[in-house]
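What follows is one structure encoded as structure tokens, with my remarks underneath.
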Amino acid sequence: MVLFDSSISLLTHSAKLSSPLRLSSLSHRPLRYAVLGAGFAGLSVAWHLLKESPKGLNLHIDLYDEMGIGGGASGVSGGLLHPYSPKVKLLWRGAECWKECMKLLSIAEQAVSSEEDLVSLSGEFDKDFGGILDRRRGIIRPATNMKTLNVLNDNAKNCLANCKIEIIDKNAAEKLVPHIHMPFNLAFYMPGAINVNSKYYLNALFLACQNIVKELSASGFGKKNLCLQKKSVYELHELEGEYDAVIICLGAKADLLPELAGKLPLRTCRGVILHLQLPDNIGEDYPDHGPSILSDAWLAIKGNRSLYLGSTWEWKSRNSSSNVSTDEASDALQELLPKASAIYPGITSWSFAGARAGLRAMPPLTPHGSLPLLGCVNNILGNDLKCKYWLLGGLGSRGLLYHGWLGKLTAEAVLSCNEQIIPSELTSWKNKYSRS
């Protein structure tokens, strides 16, 4: 590893990969790609570009993010991972999303061989997670509305085999979470759902990207290069002529690029997440086997005496800072605590320990739900462009679930210069905005 000018570079002489993707030619000049954003979307794209690129392809990837790995909304995500809607309905293409996300989690876990490895990358280590990337205790969602009870029951019957939904009564729920409040004596329990330490995971995935570049050095077929550039790209024309393709994975900041301003059907929404801890003088810990909780507010359990409580929804906000003022934190606590205590009364004994926030990029509603925006955007940007520009955006509050599958689709489309790889449901948004 070579450190220089806020960059991290890894060079190898290989491409020990096989791929069905067809390229018109493999030039001795490296293909140069720029990935804008080092959150869930950007890191997934970078990984899959390296993993899916054909044997013998010389490839250089610059990963741009002034905040570093996971410095934006992805890094402050609550980390609750499951493929279902609030009404426990399987999301559109939920099976593919769940499968690819599980693959990336496994890859990230394999990349982290010790606590010291990750500390050297992130500068921090969340000890509440006990030195692990995720907490696998499931998620429980009590029924809170009689009007939707039948819908919830019907949806739960169509769950994934590898992320089951169990319908349980009050007694079973209290064995998982003592004193949990069950208004209708019924809850939906997802034992396979996961609570991911988002910042830890993102740094581990970046480490996996570095590792695959190292591993490819043994084959000697081609050259792979990955650089983290800790700086912002303010206008796309700064990159014109420098890269063969630019992949925009900037979340809510994509609309700040002047070339895309007002051309993306995205709404912004700021969310505050609170960190609560159980005081030392309170003896009853949250149980070791206790799941996280979904309701009008959610509880992401980090450990026996530490949890995240979320989230607020401040629509039309443009504040992307992760810092939360005292007043903003106080307002969030007043809003979220009553919602959480209605299901988990014991939370009133917990103390405020901090707050963080992120700015979501929310996509428009479609017949299939709120779907992210993908595809080549050259027709939106204009003519006479020297490189291909691609967008992976609008992941909203489901970036963790979506990023594996959508990053893979995007990487395959970029490598093959073929947008048809991407399902039309994810590219149809462009029909309104593309130039003739």
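Give the stretch 47-84 a look and list any residue that's among the aliphatic types (A, V, I, L, M) and either within 22 Å of Asp134 (Cα to Cα) or open to solvent by 20 Å² or more (accessible area, probe 1.4 Å) (or both), or say none. Full working, then the answer.
First, pick out the residues of the stretch 47-84 that are among the aliphatic types (A, V, I, L, M): 49-50, 57, 59, 61, 63, 67, 69, 73, 76, 80-81.
Hits for the stretch 47-84 are Met67, Ile69, Ala73, Val76, Leu80, Leu81.
Test of understanding: among Ile165, Ile248, which residue is under 30 Å from Ala143 (Cα atoms), among the aliphatic types (A, V, I, L, M) and crowded, with 19+ Cβ neighbours inside 10 Å?
Numbers: Ile248 fails: under 30 Å from Ala143 (Cα atoms).
Step by step, each of Ile165, Ile248 is checked, and only Ile165 is under 30 Å from Ala143 (Cα atoms), among the aliphatic types (A, V, I, L, M) and crowded, with 19+ Cβ neighbours inside 10 Å.
For the stretch 332-371, what are the residues that are farther than 27 Å from Lys89 by Cα and free of Cβ contacts under 8 Å to residues at least 12 places away in the same chain?
The answer is Gln334, Thr348.
Name the residue that is most open to solvent (accessible area, probe 1.4 Å), counting only residues in the stretch 377-434 that are within 17 Å of Glu259 (Cβ to Cβ) and aromatic (Phe, Trp, Tyr).
Looking at the filtered set, the residue picked out is Tyr433.
Only residues that are assigned to a loop (DSSP other than H, G, I, E, B) and more than 25 Å from the chain's Cα centre (by Cα): list them for the stretch 234-246, please.
If we filter the stretch 234-246 for residues that are assigned to a loop (DSSP other than H, G, I, E, B), which is where we start, we get 234-235, 239-244.
Within the stretch 234-246, Leu239, Glu240, Gly241, Glu242, Tyr243, Asp244 qualify.
Do we have any residue at all in the stretch 336-350 that's open to solvent by 50 Å² or more (accessible area, probe 1.4 Å) and of a type in the set (Phe, Trp, Tyr)?
No, that holds for no residue.
Show me the strands (runs of 3 or more DSSP E) entirely contained within the stretch 1-72 in which 2 or more residues are more than 18 Å from Gly251 (Cβ to Cβ) and at pLDDT 60 or above.
31-36, 59-64
I'd like the full set of residues that are part of a loop (DSSP other than H, G, I, E, B), open to solvent by less than 10 Å² (accessible area, probe 1.4 Å) and under 14 Å from Ser341 (Cα atoms), limited to the stretch 274-298.
Ala297
Of everything in the stretch 300-324, what is in contact with a helix residue (DSSP H, G or I) (Cβ under 6 Å, 6 or more places away or on another chain) and in a strand (DSSP E or B)? Give them in sequence order.
Lys302, Gly303, Ser306, Leu309
The values are calculated or read from the model by the stated rules, or taken from the named source; none is laboratory data. Remember, it's a predicted structure, so these values are computed and weren't measured experimentally. Cβ: placed from backbone, ideal geometry, glycine included. Neighbour counts: every protein chain shown. Note: areas computed on protein heavy atoms with side chains; ligands, DNA, RNA excluded. Shrake-Rupley method; radii C 1.70, N 1.55, O 1.52, S 1.80 Å.
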